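Some notes on the structure that comes next.
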Amino acid sequence: QVQPVESGGGSVQAGGSLRLSCAASAYTYSAYCMGWFRQTPGKGREGVATIDSDGRTMYGDSVKGRFTISKDNTNNTLYLQMTSLKPEDTAMYFCAADRVYCHIERLWRGTNTWGQGTQVTVSS
């Protein structure tokens, strides 16, 4: 009944870093796949990263080498460490769970669960 809760967004200068957190219920955290997608008015929704129950990760091309997805099993928390941030990374970031698939472009599809989002703004 409870949505995941994203936090950690904010405003930073290009080249800076942010760490996003997603506090999930035990049921949500037990999903086969968890991940992050982002949304802007201009680009729409874009998958960012996924991590499955075996710890395997996948990243969107635009963030490879800069972002790292991880999980803390003790706290049922999903993280997205964002480094070398660019203005193009400016977006609302959402945490999502998928109990069937693990594809960055399917995170918001079907009946997947995601949170309210946290805003990331990167200035030039």
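The values are calculated or read from the model by the stated rules, or taken from the named source; none is laboratory data. Please read all numbers here as calculations on a predicted model, not as lab measurements. Quick reminder, even Gly has a Cβ in these numbers, built from the backbone with ideal geometry, and neighbours come from all protein chains shown. The area values use the complete protein model at the heavy-atom level, side chains included, leaving out ligands, DNA and RNA. Shrake-Rupley method; radii C 1.70, N 1.55, O 1.52, S 1.80 Å.
From the list Trp36, Trp108, the lone residue that is in contact with a strand residue (DSSP E or B) (Cβ under 7 Å, 6 or more places away or on another chain) and either surrounded by 20 or more Cβ atoms within 10 Å (Cβ to Cβ) or part of a strand (DSSP E or B) (or both) is Trp36.
Pairs meeting the criteria (first residue in segment 80-103 and over 17 Å from Gly8 (Cβ atoms), second residue open to solvent by less than 10 Å² (accessible area, probe 1.4 Å) and outside any strand (DSSP E or B), beta carbons under 8 Å, at least 6 apart or on different chains) are Ala97/Pro4; Ala97/Ala31; Asp98/Ala31; Asp98/Leu107; Arg99/Ala31. When segment 111-124 is limited to residues that are in contact (Cβ under 8 Å) with a residue 24 or more places away in the chain and open to solvent by 20 Å² or more (accessible area, probe 1.4 Å), the one that is farthest from the chain's Cα centre (by Cα) turns out to be Ser124.
If you check Lys64, Lys71 for being open to solvent by 30 Å² or more (accessible area, probe 1.4 Å), of a type in the set (Lys, Arg) and not in a loop (DSSP other than H, G, I, E, B), only one passes: Lys71.
Flag set for Ser30, criterion: open to solvent by 50 Å² or more (accessible area, probe 1.4 Å) and under 14 Å from Ala97 (Cα atoms). Only one entry of Asp54, Asp98, Asp89 meets the criterion of being acidic (Asp, Glu) and open to solvent by 40 Å² or more (accessible area, probe 1.4 Å), and that entry is Asp54.
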